[in-house]
Amino acid sequence: MSDIIVGLDIGTSAIRAVVAEKMETGVLQIIGVGTGISEGLRKGTVVNIEKTVQGIHEAVEAAEMMSGVEITRCITGIGGTHIEGINSRGIVAVTDKGKGNREIDQQDIDRVIEAARAVVIPMDRRVMHVIPQSYIVDDQRGIVDPHNVIGVRIEAEVHIITGSVTCIKNIVDCVKRANLQVDTPMYHGLAAVESVMTQEEQELGSVLIDIGGGTTDIVVMSGGAPILTAVLPIGGGHATNDLAIVKGLSTETAEKVKITDGCCWQPLLEDNKSILISAPGGRAPIQIEKADICDILQARMAEIFTMIKDKIAPVTASNRFAGNVILCGGGSLMPGATELASEIFGTPAVRLGIPGTFGGLTGEYRSPEFAAVLGLILSQYKQRAASGEETKKAEAESGKIVGKIKDFWKNLF
């Protein structure tokens, strides 16, 4: 019997729903993709519930039509400027299992993680994720998995991601109003890492930049775990607004121009042709040179990348970084984005984050725009696989106990 997983990413400019089916063979196939217009959010925060619910309906109905599956529940991505990440550390004594046996087990790990997450956060914030970075056992650093290691004291270094209780609740309520049951929400920056950053890149030290319509998510990975997460209140929509204001265009026209003729890296312009653009209010069409459009867009994109560089400077200076800078989100699709980022970050190791190939629909979802929503599906897929393994282990242990009881009674009689 197949298993259905639905990811729903609610962004500032678009809402995306993807339906995946886990086959009996364990292979994940994408069977439905849907996109809705997002008009009810500003910088990742709900400002109009009805419009947000309408956008969710659009995306879900399109995904249902394509997949032929009725969607009743989903894992939802949460983003916005209210998201914050902090690093913390906890320390506990390893429990004596008897006869001086201080072998670390899952209970010790759970206790030290709980100690690490016991940081003071305001009442209006909620802990979304606690991700272990590494463990220290009796001053032995860099331990990734402390299971069965013998020691007296265990420390855990963790990264904690928090969000506004109100903002998270508003997103979840919108999904529920669209008649969907919500699985545990996930920060969509982490989800994007899951789908476009390789394990090797996560280990070596890499930066994920998800440029949305109203916000830009930053996740810095090192040693296989996040060491910094941040959200900037600026995105691709600001480049559109700049173009609209400077050239006297409507926002809709400026967005079309940005998509069809936009570029944010002057050396990519082969020629400086002019384009005719319809003007608002019945005025005569406006003639604009492509170089002028590029100047406007490049200035704004350069500002975004410079802000990111300043934000990550403290951690990149103190950690090993040999991986890549990975761009995803709708803003990364602008021609010249990778070249401009390469110039500002001073590294050629900049690439577009394109999700890997799954079975089912080919190419439909292979775009940086779908990085977060596919990451939601992958994370749920791994979580279910892990819980399945735990269930099998528990059943196996239960079977052993039952077997021992049966043997006992057989021997008794």
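The values are calculated or read from the model by the stated rules, or taken from the named source; none is laboratory data. These figures come from a predicted structure and were not determined experimentally. Glycine also receives a Cβ, built like all others from the backbone with ideal geometry; neighbour counts cover every protein chain displayed. The accessibility values were calculated without ligands, DNA or RNA, using every heavy atom of the protein model including side chains. Shrake-Rupley method; radii C 1.70, N 1.55, O 1.52, S 1.80 Å.
Go through 329, 323 for me and flag whichever is within 28 Å of residue 187 (Cα to Cα) and open to solvent by 10 Å² or more (accessible area, probe 1.4 Å). Among 329, 323, only 323 is within 28 Å of residue 187 (Cα to Cα) and open to solvent by 10 Å² or more (accessible area, probe 1.4 Å). The sole residue among 236, 223, 205 that is within 24 Å of residue 294 (Cα to Cα) and either surrounded by fewer than 20 Cβ atoms within 10 Å (Cβ to Cβ) or at pLDDT below 95 (or both) is 236.
Taking segment 351-383 as the range and being open to solvent by less than 20 Å² (accessible area, probe 1.4 Å) and more than 18 Å from residue 29 (Cα to Cα) as the test, the residues that pass are 353, 368. Among the residues making up segment 269-291, those that are open to solvent by 70 Å² or more (accessible area, probe 1.4 Å) and at pLDDT 85 or above are 276, 287, 289.
In segment 56-89, how many residues are in a loop (DSSP other than H, G, I, E, B) and not hydrophobic (A, V, I, L, M, F, W, C)? Count: 7. Scanning segment 87-102 for residues that are modelled with pLDDT under 90 and of a type in the set (D, E, K, R) yields 96, 97, 99, 102. Selection of segment 121-143 for residues being farther than 15 Å from residue 165 by Cα, open to solvent by 30 Å² or more (accessible area, probe 1.4 Å) and out of contact with any Gly (no Cβ under 7 Å at 6 or more places or on another chain) yields 130, 131, 132, 139, 140, 141, 142. Search segment 171-202 for residues being open to solvent by 50 Å² or more (accessible area, probe 1.4 Å) and under 21 Å from residue 216 (Cα atoms), and hand back the single one that is nearest to the chain's Cα centre (by Cα). That would be 194. Here residue 91 passes the criteria (1) farther than 28 Å from residue 160 by Cα; (2) in contact (Cβ under 8 Å) with a residue 24 or more places away in the chain except the one numbered (1). Of the residues screened, residue 162 is one that is among the hydroxyl-bearing types (Ser, Thr, Tyr), out of contact with any Phe, Trp or Tyr (no Cβ under 8 Å at 6 or more places or on another chain), assigned to a strand (DSSP E or B) and in contact (Cβ under 8 Å) with a residue 40 or more places away in the chain.
When the residues of segment 100-120 are filtered to those that are crowded, with 17+ Cβ neighbours inside 10 Å and not in a helix (DSSP H, G or I), the one that is farthest from the chain's Cα centre (by Cα) is 102.
Yes or no, residue by residue, for (1) of a type outside the set (Val, Ile, Thr); (2) over 24 Å from residue 314 (Cα atoms):
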{"position": "159", "(1), (2)": "yes, no"}
{"position": "209", "(1), (2)": "no, no"}
{"position": "237", "(1), (2)": "yes, yes"}
{"position": "244", "(1), (2)": "yes, yes"}
